[in-house]
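Structure record follows, encoded as structure tokens.
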Amino acid sequence: MKMDYLKSFTMGSIKKLVFLILIAGSLSFCASKQTCQMDFPQEIAAVYFQKVNSGEGQVAPRTDFYIEFEKPLAKEIVLDKVYFQDMVGVVEIESDTTFVAHFYQDSTDHDLVLHSDPTKEYGNKAPIITEPKFDLQRTEAVLEYRKREKTFFYKILAIKERPMILNPSGIKPKK
């Protein structure tokens, strides 16, 4: 009788343990992280960025990020966003084969009051610190795109910088 109790206790414990392992494994797949694709579904001719300075004090300098394709982009592929240098830009169509995302530098034209009396510092805004979505080097970017309504991420390496454009008239820069 003692042996039957021991067998049932061991089988019950094993069943519970297996059940818990299965549950934990299935829940870990639900929280999987975003992964970058190794290949883009279409050949990219060039990727580069270019800083643009308006020359006027009113407009903040910006960085334009260009993606050029060998052939027009396939109809089932939609480019959404570019993550580059801790910034996010929406991708816009410039032509059938050229797409651009604009990144604007945050203007820091507000003054901070620093004083030994903390009550005199009332009105200072705390800095907004956001954690970047991807850990990227200065010459790397991640392209977010959709193919047949499924979202993918493609990591772009070794992005070249073109010389800065001084653009006093506010006209979009030409390549």
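The values are calculated or read from the model by the stated rules, or taken from the named source; none is laboratory data. What you are looking at is a predicted structure, and each value in this text was computed from that prediction instead of being measured. Here Cβ is always computed from backbone atoms with ideal geometry, including for glycine, and neighbour counts include all displayed protein chains.
Exactly one residue out of 33, 75, 71 is surrounded by fewer than 10 Cβ atoms within 10 Å (Cβ to Cβ), in a loop (DSSP other than H, G, I, E, B) and at pLDDT 90 or above, and it is 75. Which of the residues belonging to region 156-175 are surrounded by 12 or more Cβ atoms within 10 Å (Cβ to Cβ) and at pLDDT 85 or above? Residues satisfying the conditions are 156, 159, 161, 162. Is there a residue being part of a loop (DSSP other than H, G, I, E, B), at pLDDT 80 or above and over 17 Å from residue 39 (Cα atoms) anywhere in region 139-155? Looking for residues that are part of a loop (DSSP other than H, G, I, E, B), at pLDDT 80 or above and over 17 Å from residue 39 (Cα atoms), one finds at least one in region 139-155, hence yes.
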